[in-house]
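The values are calculated or read from the model by the stated rules, or taken from the named source; none is laboratory data. Fair warning: this is a prediction, and the values are worked out from it, not measured in the lab. Each accessible area value is taken on the protein alone, full model and side chains, heavy atoms only, with ligands, DNA and RNA left out. Shrake-Rupley method; radii C 1.70, N 1.55, O 1.52, S 1.80 Å.
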Amino acid sequence: IMVVYVLYAKADLQGVASLKTIQGANLCVSVRNPVYQSEVREKVVIEADELIEQEKNDISMVHDKDIRCEPSHHFSLKWDGEKKRSTIRVIDSTLIEVISKSGKKGKNRNQGNAGASEVREMRSNDSGVFVPLLALDCQGIEPFAFHPMGGEFVVTNKAGDTFDQVDLSEGAWNEFELATGSTAITNFETKFS
């Protein structure tokens with residue numbers, strides 16, 4: 001079963017046409033063991049531009065039925081006492097299927113009902129509203145906090161100017177140009193669901 005965690009973000013936007021994550025940017029999250037929630041790893045970095053594939057030779061060498069082959073992933077760790085590694089894969093598609101618990105493709109951990117969740121950019125009319133920006137396929141691991149490092153976001157202002165690697169680590173960012181005025185993001189906050 002695919003367990004999908006969606007990163008939602010909200011902010012107050014001024015002069016911003018869109019805010020989106022940069023595909024392949026490193027992401028910093030805090031994670032916990034979903035079985036033993038006191039087992040936590042703070043501020044681990046997911047290298048989203050490096051997909052780790054399971055090698056065919058490794059698959060043929062696995063004879064222990066208790067050891068599963070790791071799916072393709074961007075990050076993995078092994079919890080104390082566990083035989084298998086827990087993995088995170090950044091889902092880069094724009095549409096994530098959310099299927100009920102009885103479905104076979106996957107489910108959104110906190111939304112057991114059928115439907116679809118569109119991961120998208122934050123737009124000017126989304127000011128102050130949580131928007132699904134990013135999705136993670138998680139096996140044996142639960143992200144619970146996102147920590148902007150600077151460089152994960154790109155902003156386009158209403159004049160069409162683009163600002164790459166925007167730093168929202170302090171919860172705010174702004175840029176001023178005489179021709180276009182102020183472009184600002186304030187009260188930036190995130191949550192996983």
### Query
Taking 0.36 nm per intervening residue step and subtracting the Cα-Cα distance, what contour gain separates ARG120 from ASN187 on full extension?
22.2 nm
### Task
Multiply the residue separation of GLN37 and LEU77 by 0.36 nm, subtract the distance between their alpha-carbon atoms, and state the gained length in nm to one decimal.
12.9 nm
### Summary
Going residue by residue through segment 139-148, the Karplus relation 6.51 cos²θ - 1.76 cosθ + 1.60 with θ = phi - 60° gives ³J(HN,Hα) values, rounded to whole Hz and with x marking Gly or Pro, of 10, x, 8, 10, x, 10, 8, 10, 10, x
#### Entry: Candidate residues GLU152, GLU50, GLU170, GLU70: accessible-area rank, largest first, probe 1.4 Å
GLU170, GLU50, GLU70, GLU152
### Query
Relative to the present Cα-Cα distance, how much length would full extension add between ALA179 and GLN165 at 0.36 nm per residue of separation?
2.9 nm
